[in-house]
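Q: To start, I am sharing the structure in question, which I have written as structure tokens.
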Amino acid sequence: QFIADGYLYSTEDMITAQKIELKPNTEIVDLRVIGDTLYTLCNEKRTDDDGSTYFRVSVWYTKSGIQGDFRQMFFYDYENRALSFTYHDGVFYFGMGYGVAAKNDLYDTNGTVLAVENRL
């Protein structure tokens, strides 16, 4: 089960659930099942030495859905967070969403779609 506030849970009986954390301070924002593999899109807010903020966007995957079985597939750093992703013909597409700069200005990259070639 995925809850859109950045958390992912695993359950066997729909009564008790275990929270799955892929990495500290990483927010899970979207999921895709391709074949027998679950892919998760994550954002981790980071700060440069000069105080500017950026996001480490990463894709993790598992075939079992068990916490210890998730592995990071790849990551990239970007000024804005990713909100959604999809995969088509060897390319991951990322929909970049809102981000707030230090002065509460919206990023110019809102609504940008980034493509990352990566064969499954």
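The values are calculated or read from the model by the stated rules, or taken from the named source; none is laboratory data. Just so you know, these numbers come straight off a predicted model, no measurement behind them. Cβ: placed from backbone, ideal geometry, glycine included. Neighbour counts: every protein chain shown. The protein model used for the area step is the full one, side chains on, heavy atoms only, and it has no ligands, DNA or RNA in it. Shrake-Rupley method; radii C 1.70, N 1.55, O 1.52, S 1.80 Å.
Q: Working with all protein chains in place, sort 108, 36 by solvent-accessible area computed with a 1.4 Å probe, largest first.
A: Reading off the accessible areas and sorting them downward yields 108, 36.
Q: So if I place +1 on the C-beta of Lys and Arg and -1 on the C-beta of Asp and Glu, and nothing else carries charge, what would the dipole magnitude of the chain be about its Cα centre? I want it in debye, nearest 20.
A: The dipole of the chain has a size of about 160 debye.
Q: Answer with one residue from 7, 62, 20: the one whose Cα lies farthest towards the positive end of the charge dipole of the range 1-66, charges on Cβ with Lys, Arg +1 and Asp, Glu -1.
A: 62
Q: Quick one: among 48, 30, 69, which has the greatest mean-square fluctuation in a GNM of the chain with alpha-carbon springs under 10 angstrom?
A: Looking only at 48, 30, 69, the largest GNM fluctuation is found for 48.
Q: Follow-up. Computed from the coordinates I sent, Cα extents along the principal axes in Å equals one of (1) 46, 34, 23; (2) 46, 36, 26; (3) 34, 33, 26. Tell me the label.
A: From the options (1) 46, 34, 23; (2) 46, 36, 26; (3) 34, 33, 26, the structure gives (1).
Q: Can I ask one more? Please report how many Lys pairs in the chain have alpha carbons closer than 22 angstrom, counting only residues at least 8 apart along the chain or sitting on separate chains.
A: 5
Q: Pop the C-beta distance of residue 64 and residue 108 into the FRET formula with R0 = 30 Å and round what comes out to the nearest 0.05. Walk me through the numbers before you get to the answer.
A: Details: r = 40 Å, r/R0 = 1.34.
Calculated transfer efficiency: 0.15.
Q: Counting heavy atoms of the protein chains only and a 1.4 Å probe, report the per residue accessible area for the chain as a whole number of Å².
A: Per residue, the chain has 62 Å² of solvent-accessible surface.
Q: Loop only per DSSP, at most 13 neighbouring Cβ atoms within 10 Å: give me the trypsin sites (Lys or Arg not before Pro) in the range 27-98, ordered by residue number. Intermediate values should be presented prior to the final figure.
A: Working: sites: 32, 45, 46, 56, 63, 71, 81; in loops: 63, 81.
Listed in order of number, the matching sites are 63.
Q: Just subtract the alpha-carbon distance of residue 54 and residue 10 from 0.36 nm times their residue separation and send over the number in nm, one decimal.
A: 12.9 nm
Q: Leaving out ligands, DNA and RNA, and with a 1.4 Å probe, what % of the accessible surface on the chain is carbon or sulfur?
A: Working: 3550 of 7460 Å².
Here carbon and sulfur together make up 48 percent of the probe-accessible area.
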